[in-house]
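Inspection log for the structure reproduced underneath, given as structure tokens.
The values are calculated or read from the model by the stated rules, or taken from the named source; none is laboratory data. Because the structure is a prediction, the values reported are computed rather than measured. Heads up, the Cβs are rebuilt from the backbone with ideal geometry, glycines too, and the neighbour counts pull from every protein chain shown. For the accessible areas, the whole protein counts, side chains as well, though only heavy atoms, and no ligand, DNA or RNA atoms are used. Shrake-Rupley method; radii C 1.70, N 1.55, O 1.52, S 1.80 Å.
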Amino acid sequence: MTFSKRLWFLALSVFTIQAYASSPVKVVTSTTDLAWAVKEIGGAHVEVQSLLKGTENPHFVDAIPEFIRLVSEAQAVVIVGLDLEIGWMPKVLTRSGNAQVQPGGKGYCEAGRAVHVLEKPTGDVDRSMGDVHPSGNPHFWLSPKAFAQAAGPIAQTLIAVDPAHTADYQVGARRFTELMEEIRKKNAAKLHSLIASISGPVLMEYHKEFAYFLETYGLRSFGSVEEKPGVAPSAGRLAEVALAAKGAGVRFVLAGETAPKKTLEKFTELSAMPVAVVPMSVQPHAKVKDYPAFQEYLVDTVAKQLGSRTL
Amino acid sequence: MSFQANLFRLRGMGSGLLLVAGLLLMAGCGGSPKSSQNPIDVYRLNGIEYGVLDKGSLDFSDTRISGKGTLIFKDPAKSDDNNYALTFSLEEGGSLTLVANSDAKLAEGVRYTFSRTGSRLKVVLSAGASETYDVSETFAAVPASSLPLMEIDVHGHGHSIVWAAGNKLDEFAFTTRVTGRLWGLRLDKATVTQAKIGKAKEEH
Amino acid sequence: MENTRSLYFFLFIALALAYVSAPAASDGSGLKTSVGLDVVGQAGLNSTSGASDRLDVREFEVMLYAPADHLFDGMGSIAAHYEGTGIPQVELHEAYLGSSKLIPRSRFRAGQYFLGIGRLNQVHRHDWPFISAPKVHKEFFDAEALLDTGIEYSYLLPIPHFLEVTAGVTNGFVYGHDHSAGSRPLVPTNYLRTVTYFSLPWDGGTQIGLNYLGRRGGEGTQRTILGVDLTAKWKEGALLNFLLQSEIWYRVLTPKGGTTQKAFGLYLYPQYYLGENLFLGLRVDYYSVLNLTDAFGSPVKSVELNFVPTVTYRPSEFSSIRLAYNLKPEFQGGASTTGHHLELQGVIVLGAHPAHDF
């Protein structure tokens, strides 16, 4: 090989290695909230795509072929875990033929495994109790305090897949944790004065999915409109719980956007109690386009129901 | 069939959806197209039309066929799985063969051959060109000199069930896949007074 | 007697597996057990209905699956069912090893399985959106599904659109519903499927598959089947607001030295969510032997239709109750008959969470 050819070869090799080394890590997440978190932690080193749009109920999604294709090209997959995606994600992972992102692979991340789980059932659990999550309540991203705990596994997975940027991911995880604490403090301050003077429960949930949010901000729940999780309440149940909630001084019901509208209308009719319907995830193309906006929206909704204007 | 031919058919299938509406519209139209010129003599047994492939020494009436010869029933079966109800008698040394799931020459398909030697009834089940099973033992209790109503299910996927006088005798399996829809009888010193085809008695 | 002994043996194994699988799963093996129970009854409404006029446990299926190690997974299922005769049959349904970790963008399985062709053939019968097999499926494959032993490979093309190709070859000693051990084929069963997916407006999506299957049996019969399958869904949360499912098939059977039979069939099933966990669907079946002739060589038109309005009550993804009415007009030559019957089905799924396939 002549000297000039060697030079071209060397330049080409350096260019190729440099290009490869600087390609962002392709990460696929199940939810938009996790996509936002991964982007906060990974920064410019990651290219993130969420499978869901933020408007779906993650329990009941199908293993859509497009999901399979996206996961087949990912270097890392981040899911909530705690059986939230048990109905569809295992199928998506298997059909992707991507060994790196399957359970046990270095690119597989269950963010929920590092979270201090609430509402983990004790004793025997079976389906006669409704759609019970035997691993505990999976909706931890609704609380910035709990969401911060997911930073660890996310960073660890990014480091495993892209060790060259370990320091950056560690810094990113720290910043993410600090940001979550900032959000928590700011929103807690909004609610503190409103709830300090209230004894007893202030709200009910339609479905028990707000446990982490309520616990973080010191809000007490009267329970859920659903008698059994995932089972639509009967007319008798609606009447019974409407009466009980009124008697206990509950101010309003908090429900996710995927809760059945007709059931909520019926409850309002019986109880004269308002229902506040909120998004359950970040929706990048809507009013809650990122996590801070999503948290602010939730807190402002609660504050409004408790009689305060948005701060 | 070549891969190219299959591909061609695949492309053709792409317009299958358009065919659906047309086919469904055609479905309700009754009546078959006019028959082509029929070179075979046509007879009736209890109202069911049949033609004679080999006249031999057959004797015909509206209620019986006897002697020696081969006949084929005009209308094809409605399914690959059918039941055949036969009432017949055999003279000493006589035989009757039911040919099912066959072609216009009764060359293919499944065959049950009943033959009589004294009071003994020999029954052979054969399928395709080479499968043959002597199932006489199943019919050991059936008197050859006065045969009861015989009902035979023949399922194209390789299964057959036999009843005599309404009693289920046995089930048989065979390997040959048969695709024909025509059926007929070969007689030799036999008399048939009933030959009907209908839905399989047991569908499995 | 033999079948009763088999049934008791099967029940013992199933119960033993269910008993051990719960603690076994907590030992880190990941073993999951799932049970499907499918009870079906038919009541004829006229003499040409062809209904069984009985209630049967159509299927009691026990499924086990787990990763074997970091590379391979295993799956097995055994089923007890009544074939309309009142006598239980016990059989091995699926038993295969596979992997989606060995070759990038690929998965394969080897063993006994329901062939990866069409739509209904790949879905366990108790998961179908209707009770019984459409005519074309029953004729071309089986009343349940085509099952054989072989190897199957699927590859997801590396393009910015979902396109997956599956190819498989199985022993082919038997085909579909077979009461014998079969015989060596001249050409084993071989099949190919290409499937793609498109998003649809209003949060919908559709999957379309093109299919080919071929086999030449030991007796020389060449079988060629071509088909298209389509599934379109619109979901809102847990609710399947609208489903459209259809398969269109064409088959050529050529016996050695015999008459070629050409047949065509399809089904179309739209289903709509009424509310209160109730779904209403109407399946239309069409089946025709295209080149049927009478004994004298005259063409005979042969068409079978089936109209099956179906109501499903599905309180959760683990149970359903279904009622269907079957109206079956059949036309052949100048004659027509119409059968009517009712079907009732109850399905429950126990154990591990079933996958939400599209």
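Accessible-area rank, largest first, for A:Asp62, B:Asp54: B:Asp54, A:Asp62, with all protein chains present and a 1.4 angstrom probe. Inter-chain Cβ neighbour count for C:234-240, averaged per residue, equals 6 (cutoff 10 Å, partner chain atoms only). Reducing the stretch A:205-243 and the stretch C:192-241 to their Cα centroids gives an inter-centroid distance of 42 Å. For C:Phe108, the accessible area of its heavy atoms, probed at 1.4 Å with every protein chain present, is near 50 square angstrom.
Checking an interface number: how much accessible area is buried between C and B, summed over both chains, with a 1.4 Å probe, in Å² rounded to 100? So the buried area, both faces added, is about 4500 Å². In straight-distance terms, cross-link reach from C:Lys138 covers every one of the lysines whose alpha-carbon lies under 21 Å from its own, apart from those fewer than eight places away in the same chain; here that gives B:Lys78, B:Lys199, B:Lys201, C:Lys262, C:Lys301, C:Lys328.
How high is the relative contact order of the stretch A:50-141? Use alpha-carbon pairs under 8 Å, at least six apart in sequence, and give a whole percent. Relative contact order, the stretch A:50-141: 28 percent. Solvent exposure of A:Trp141, expressed as accessible area, is near 10 Å², computed with a probe of 1.4 Å over the protein chains only. Ranked by solvent-accessible area (1.4 Å probe, protein heavy atoms only, all chains present), the residues A:Met273, C:Met75, A:Met129 order from largest to smallest as A:Met129, C:Met75, A:Met273.
Which lysines, on any chain, are close to A:Lys261 with Cα under 17 Å apart, when same-chain ones fewer than 8 places away are left out? Reachable lysines: A:Lys208, C:Lys235. Computed over neighbours whose Cβ is under 15 Å from that of C:Glu343, the net charge equals +2, Lys and Arg +1, Asp and Glu -1. Accessible-area rank, largest first, for A:Glu227, C:Glu219: A:Glu227, C:Glu219, with all protein chains present and a 1.4 angstrom probe. Association of chains C and A removes close to 2500 square angstrom of accessible area from solvent, both sides included, for a probe radius of 1.4 Å.
A 1.4 Å probe run over the protein assembly as shown, with the rest of the protein chains in place, finds 44 Å² accessible per residue. Look at the alpha carbon pairs under 8 Å that are at least 6 residues apart: their mean separation over the length of chain A gives a relative contact order of 16 percent.
The peptide list B:129-135, A:72-78, B:115-121, put in order of mean Cβ contacts within 10 Å with the highest first, becomes A:72-78, B:115-121, B:129-135.
For C:Lys135, the aspartates and glutamates whose Cα falls under 16 Å of its own Cα, not counting residues fewer than eight places away in the same chain, are B:Asp80, B:Asp81, B:Glu203, C:Glu144, C:Asp229, C:Glu247, C:Asp285, C:Glu304, C:Glu330, C:Glu343.
Shape class of chain C from the Cα gyration tensor (axes a ≥ b ≥ c, square roots of the eigenvalues): rounded, since a/c falls below 1.5. For peptide C:156-169, the mean count of partner chain Cβ atoms within 10 Å of a residue's Cβ comes to 3. With K and R counted +1 and D and E -1, the other residues having a Cβ less than 10 Å from that of C:His137 yield a net charge of -2. For the listed residue pairs B:Lys74/B:Lys168; A:Lys39/A:Lys120; B:Lys68/B:Lys122; A:Lys145/A:Lys304; A:Lys120/A:Lys190; A:Lys53/A:Lys262, the alpha carbons are over 27 angstrom apart in B:Lys74/B:Lys168; A:Lys39/A:Lys120; A:Lys120/A:Lys190. Across peptide B:177-187, the mean count of Cβ atoms from other chains lying within 10 Å of each residue's own Cβ comes to 5. Taking Cβ atoms as reference points and 11 Å as the exclusive limit, the residues near C:Tyr313 contribute a net charge of +1, counting Lys and Arg as +1 and Asp and Glu as -1.
Here, the protein assembly as shown has an Rg and a Dmax of 33.2, 112 Å when only alpha carbons are counted.
Only protein atoms count toward the accessible area here, which uses a 1.4 Å probe; on the protein assembly as shown, the carbon and sulfur part of that area reaches 59 percent. Shape of the stretch A:174-266 from the C-alpha gyration tensor: oblate (a/c of 1.5 or more and a/b not above b/c, with a ≥ b ≥ c the square roots of its eigenvalues). With the whole protein complex present, A:Glu240 retains an accessible surface near 110 Å², based on a 1.4 Å probe. For chain A, the longest principal axis of the alpha carbon atoms and the long axis of helix A:291-305 meet at an angle near 10°.
Averaged over residues, the count of other Cβ atoms within 10 Å places the peptides B:74-81, A:230-237 in the sequence B:74-81, A:230-237, highest first. Based on Cα contacts under 8 Å between residues 6+ apart, chain C shows a relative contact order of 13 percent. Of the residues C:His137, C:His93, C:His70, the one that moves most in a GNM of chain C with alpha-carbon contacts below 10 Å is C:His70.
Interface burial in the stretch C:332-349 reaches 50 Å² or more for C:Gln332, comparing the full protein assembly with the chain by itself; accessible area from heavy atoms with a 1.4 Å probe.
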